[in-house]
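The block underneath contains the structure these notes are about, expressed in structure tokens.
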Amino acid sequence: MDGTLDHVMIRVEDLEESLDWYQTHLNYEEKGRWEADTFTNVFLGPEDVHEDGALLELTYNHDGRTYEIGDAWGHIAVRVPEDALQESYDQLMAEGVEDYRDPESCGNRYAFVTDPDGHEIEIVKRDHGAKWSIDHTMIRVEDADEALGYWTRKFEYTEVPGRWEADSFSNYFVAPEDAPDEAMKVELTYNYDGREYTMGDGWGHVAVRVDDLDDAWDALMTREAPDYRDPASCDHNYAFTKDQDGHEVELVTRD
């Protein structure tokens, strides 16, 4: 199983508005598009995204539905150079992006903005990867041990540097063992107060690359992953499982 995180999908209510936002403010370009009868998927990323870097998938349903963000999904994080956090945030503010959490309020370690649908985007300082490329996707989990065990057993991931254990919560980062720095990671956030989360439908899934769809699916079933949408039900183009909290994980192949 390859295991590289291929993309993260979010649902948007106005495709053209969202495309304009990401292309204007994060300098993303369209990397791929799938037009179906009832929905459109568009894949975006920086021009010079790494070959193992993740893309952002925007899903637009044509029926005009609205979405609830929920709180089980947290944010995507995008990279800026180590010395460019304030400059990058100021640039976004000058362009009219909504002021959510500025660098000063975050100890000058990171900052947050929101896109037109309210999806949170963290801005993090990194010395690797293209500017605005996706560094990680954060999801909230109700049991840290179960969550770490899920990614370790099901996808053969390992915990990578970045663990942060605070008084009221912990953050853990997982990725394939040999993933390059430029690859996306999954951030697992665990709050100690025993809270439960609402999944909502504004976020869709993270996608994991596999070498062979059927072989990967069989391995996941052996490892007791949830049987959500098997390859046959998806015309052998992809498949879906879920983690222990219900976050959807897509399996995809890439040439």
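Of the residues that make up segment 85-94, is at least one surrounded by 12 or more Cβ atoms within 10 Å (Cβ to Cβ), in a strand (DSSP E or B) and in contact (Cβ under 8 Å) with a residue 40 or more places away in the chain?
Checking segment 85-94: not a single residue is surrounded by 12 or more Cβ atoms within 10 Å (Cβ to Cβ), in a strand (DSSP E or B) and in contact (Cβ under 8 Å) with a residue 40 or more places away in the chain.
Let me spell it out: the conditions are (1) touching a Ser or Thr at 6+ places or on another chain (Cβ under 9 Å); (2) part of a strand (DSSP E or B); (3) closer than 26 Å to VAL252 by Cβ, and LYS31 meets all of them except one. Which number is the exception?
Single failed check for LYS31: (1).
Among (1) surrounded by 22 or more Cβ atoms within 10 Å (Cβ to Cβ); (2) modelled with pLDDT under 95, which single condition is ALA147 missing?
With (1) surrounded by 22 or more Cβ atoms within 10 Å (Cβ to Cβ); (2) modelled with pLDDT under 95 applied to ALA147, the lone miss is (2).
Those residues that are without any contact (Cβ under 8 Å) to a residue 40 or more places away in the chain and touching a Lys or Arg at 6+ places or on another chain (Cβ under 7 Å), I need them from segment 152-169; list them, please.
Scanning segment 152-169 gives a single hit, VAL160.
Mind checking whether some residue in segment 130-147 is acidic (Asp, Glu), part of a loop (DSSP other than H, G, I, E, B) and under 23 Å from LEU56 (Cα atoms)?
no
Taking only segment 118-131 into account, find how many residues are buried (at least 22 other Cβ atoms within 10 Å of the Cβ) and at positive phi.
Residues that pass the stated criteria total 1.
Quick one: would you say THR66 is loosely packed, with under 13 Cβ neighbours inside 10 Å, closer than 28 Å to ASN191 by Cβ and without any contact (Cβ under 8 Å) to a residue 60 or more places away in the chain?
Yes; evaluated as a whole, the condition is true for this residue.
For (1) crowded, with 17+ Cβ neighbours inside 10 Å; (2) of a type in the set (Lys, Arg); (3) under 23 Å from HIS136 (Cα atoms), each residue gets a yes or a no:
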residue	(1), (2), (3)
MET184	yes, no, yes
ASP193	no, no, no
ASP201	no, no, yes
THR222	no, no, no
TYR228	no, no, no
ASP235	no, no, no
ALA239	yes, no, yes
ASP245	yes, no, yes
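Hey, does segment 53-61 have a residue that's surrounded by fewer than 21 Cβ atoms within 10 Å (Cβ to Cβ) and not in a strand (DSSP E or B)?
So far as segment 53-61 goes, no, none of its residues is surrounded by fewer than 21 Cβ atoms within 10 Å (Cβ to Cβ) and not in a strand (DSSP E or B).
Output the number of residues of segment 34-52 satisfying the condition of being part of a loop (DSSP other than H, G, I, E, B) and in contact with a Phe, Trp or Tyr (Cβ under 8 Å, 6 or more places away or on another chain).
The number of residues fulfilling the criteria is 1.
Do you know which residues across segment 150-168 are in contact with a Gly (Cβ under 8 Å, 6 or more places away or on another chain) and hydroxyl-bearing (Ser, Thr, Tyr)?
Residue satisfying the conditions is TYR157 alone.
When you scan segment 114-151, how many residues do you find that are free of Cβ contacts under 8 Å to residues at least 24 places away in the same chain and in contact with a strand residue (DSSP E or B) (Cβ under 7 Å, 6 or more places away or on another chain)?
Residues meeting the conditions: 1.
Looking only at residues in segment 216-246 that are part of a strand (DSSP E or B) and not polar (S, T, N, Q), which one is nearest to THR198 (Cα to Cα)?
Going through the qualifying residues, I end up with LYS242.
Taking the stated definitions as given, is ASP14 modelled with pLDDT of 95 or more, surrounded by 22 or more Cβ atoms within 10 Å (Cβ to Cβ) and more than 20 Å from PHE112 (Cα to Cα)?
no
Scan segment 81-122 for residues that are more than 23 Å from ASP20 (Cα to Cα) and in contact with a helix residue (DSSP H, G or I) (Cβ under 6 Å, 6 or more places away or on another chain) and jot them down.
PRO103 - this is the single residue of segment 81-122 that is more than 23 Å from ASP20 (Cα to Cα) and in contact with a helix residue (DSSP H, G or I) (Cβ under 6 Å, 6 or more places away or on another chain).
The values are calculated or read from the model by the stated rules, or taken from the named source; none is laboratory data. Please read these numbers as outputs of a predicted model, since none were measured by experiment. Cβ atoms come from the backbone with ideal geometry, glycine included; neighbour counts cover every protein chain shown.
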